[in-house]
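The values are calculated or read from the model by the stated rules, or taken from the named source; none is laboratory data. None of these values were measured; they are calculated from a predicted model. With ideal geometry, Cβ positions are generated from the backbone for all residues, glycine too; neighbour counts draw on all protein chains shown. Areas reflect the complete protein model, heavy atoms only, side chains present, ligands, DNA and RNA absent. Shrake-Rupley method; radii C 1.70, N 1.55, O 1.52, S 1.80 Å.
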Amino acid sequence: MRTNKLFIVLKYAAIILLVMYILLPFLWLIIMSLSSSADLTTKPLHWIPGKIDITSYKRLLLVGLNSRGSLFLYGLRNSLKTALAAVIISIFVTIPASWVFSRYPGKKNIILKIAIFTFMLPPIAYALPLYRILSRIGLLDNSLSLALVYCTIILPFCVWLIKENIDTIPYDLEEAAIIDGAGFTKRISLIVLPLLLPALGTVALLSLLMAWDEYFYAMLYTNSQNAITLPVVISNLASGRQSNYNLIAAGGVLASLPPVCIGLLLQRSLVRGLMMGGVKD
Amino acid sequence: MSIAEARKCNVLIVPMVVIMGTMIGWPLLQTFFLSFTDTTLMGLEPAGFVGWQNFVDAFHDDGFLSSLKVSLLFALVVVTSEMVLGTSVGLLVHQPFIGRSLVRALLILPWAVPTVVNAIMWRLIYNPEYGALNSLLFQLGIMKEYTSWLSNADRALPSIMFADVWKNFSLVALITLSALQTLPLSQIEAAKIDGAGAGQRFFYITLPHIIPSLQVALVLRIIETVKVFDIIYIMTKGGPANKTRSGSIFVYQEAFTNSRMGSGSAFAIIMVALIMILICMYLRVLTTKRSS
């Protein structure tokens, strides 16, 4: 019995450590965002702010107080725009293609294999020519072209997961439709698509999070309010000379809110989505 | 499949192939061609064909070789730590305890925090003057005086690795947990009846059951870490003294800061080849394991 009790004590100690490890860094980011500059520039630090100061949030979210704020809002808008466009394009072109890969496996699956393979390549392998192409045709600093570039990241991921999901939809359902004379379009849109929707939602969300997270291409290809995305705005904020620690922290908290909320609400389906492609013999 | 059907199939694939071709295939080919030239970023002077020169130079370039070492070291340390920590945490939160669902929900927090925010958060924590880490260690009496983390040549890379592990161990933990949840209880019960101890149950039932999932996590993380760019670039820009300059950062600097696209492309192609070798090695190990 004694070893059992010791085990329980150790277990709870480990869990408390784990919770602290997960929470403390992010909690500190939140506290910083709510502290005044004076509280954050003392030695040693004031762990609990004297009073809650929301000026940094105001500076970021209200237009007109200074240029930073409006740039942050532009970043938010562009991030949403770029991520949504990239996900919509990717999903729209991968559904019919994945259906073919699933239903008519054959020579064409080499395309699927290539697509999955490109997922492993570093962005730096495409970045240089894409930069030259975009700058020649004058499409640098443009949300739509950035969204197309994001397809290089999202598309391989989508085609892999959507194909795996269509594989799990029984072919019998389609056979019945074939007898009724349904063509490809009807089979996809009336039979496969409705059954695919839940998985599609997960794939779309995961892709959205990937696009939201993207920094490298956005840093290279955007430079103004036209297309600059949130990660670039925040990293620029942080690389400035002044030490507006609370402002940087507030930007970080705001940029984390959408993915953290999505993650907390939809954890189960997100993890299942990530696992889908891989665990299958 | 009739000819008409096959033609229709092709039509359905075309949009994807067009986007992949223009956004992935064409640039990749161009990188390949650029790597044999001395093209500059602005491309004002006409590019000259230099043959294998860029590749020959690359293997004599200490900066490039040491940046590859940084990438590999980063991948090795970070992925190993994440796998060990993530698997242990997955096993821990699979146990029954009070507040279990809350802790499980919390696990997704580090993974959901955007990479850029994670990098900036840790940069603030590591700040030499007003960072939380210095203050904490000082107030606890562990350190006598404040020290620098990211601007110290020996501490910078481990500090970045620590930050990366914080974000990504949670993915491994979540994958482990979800694999554990599909473990058939009947197998465990049967083993118990047969007199298998806790250790035996773990090594003969639990571990084999979660290994396929862990392999997925392993591949995903190796692919991600070998091409690491953003977390390092935001935290140190590759400094101090290039001690944290990864392969991707080196290629970026060569092509965009030094505006040498030709040799930058050659470096990029070498990185691609390296990643391909890593993946082939992994697949080799996997298939020999399965067949034996």
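Remarks
- Label separation (A:Asn226 vs B:Arg201): 6.4 nm, computed from points 7 Å beyond Cα along the C-beta direction.
- Carbon + sulfur, % of accessible area of the protein assembly as shown - ligands and nucleic acids excluded, 1.4 Å: 68 percent
- Gyration tensor (alpha-carbon) shape descriptor, region B:175-292, a/c threshold 1.5: prolate
- Per the Debye calculation on the protein assembly as shown with a single equal scatterer at every Cα and no solvent contribution, log₁₀ I(q)/I(0) for q = 0.10 Å⁻¹ amounts to -0.94.
- Using C-alpha pairs under 8 Å with a sequence gap of at least 6, the mean separation divided by the residue count of region A:159-236 gives a relative contact order of 26 percent.
- Partner lysines for A:Lys108 [C-alpha distance under 24 Å; skip if fewer than 8 residues away on the same chain]: A:Lys163, A:Lys186, A:Lys280, B:Lys8
- Relative contact order of region B:82-161, defined on C-alpha pairs under 8 angstrom at six or more residues apart (%): 15 percent
- The peptide list B:140-148, B:230-238, B:210-218, put in order of mean Cβ contacts within 10 Å with the highest first, becomes B:230-238, B:210-218, B:140-148.
- Per residue, the solvent-accessible area of the protein assembly as shown (1.4 Å probe, heavy atoms of protein chains only, all protein chains present) comes to 46 Å².
- Both radii were evaluated on the Cα set of region A:65-163; the Rg over Rh quotient, with Rh as the Kirkwood radius, amounts to 1.09.
- Remark: region A:213-220, residue by residue, has Karplus-estimated 3J(HN,Hα) of 7, 5, 10, 4, 5, 4, 5, 6 Hz, where x stands for each Gly or Pro and the curve is 6.51 cos²θ - 1.76 cosθ + 1.60 at θ = phi - 60°.
- Residues whose amide H comes within less than 5 Å of that of B:Met143, counting only those at least five positions distant or on another chain, are B:Phe138 (H built at 1.01 Å from N in the peptide plane).
- Structural descriptor for chain A: relative contact order 29 percent, calculated from alpha carbon pairs under 8 angstrom and at least 6 residues apart.
- Helix A:143-167 and the longest principal axis of the C-alpha atoms of chain A enclose an angle of approximately 50°.
- Across peptide B:230-237, the mean count of Cβ atoms from other chains lying within 10 Å of each residue's own Cβ comes to 3.
- Modelled label reach - A:Tyr12, point 7 Å along Cα→Cβ, region B:82-109 residues with backbone N closer than 17 Å: B:93, B:95-103
- Chain B: mean projected area of Cα convex hull, nm²: 24.5 nm²
- Anisotropy class of region B:11-114 from Cα gyration tensor, a/c 1.5 cut: oblate
- Interface residues of region B:72-117, defined as those losing at least 40 Å² of solvent-accessible heavy-atom surface relative to the isolated chain (probe radius 1.4 Å), are listed as B:Leu92, B:Phe97, B:Val103, B:Leu106, B:Ile108, B:Leu109, B:Trp111, B:Ala112, B:Pro114, B:Val116, B:Val117.
- Over region A:111-156, the ratio between the Cα radius of gyration and 2.2 N^0.38 Å evaluates to 1.23.
- Per the accessible-area calculation with a 1.4 Å probe, the total area buried between chain B and chain A rounds to 8200 Å².
- Per-residue ellipticity at 222 nm from helix content only, as computed over chain B with -39500 (n - 2.57) for each DSSP H run of at least four residues, stands at -21500 deg cm²/dmol.
- Stretching B:Phe55 away from B:Trp26 to a fully extended chain increases their span by 8.3 nm, per 0.36 nm per residue minus the current alpha-carbon distance.
- Against the compact-protein benchmark of 2.2 N^0.38 Å, the Cα-based radius of gyration of region B:20-178 scales to 1.48.
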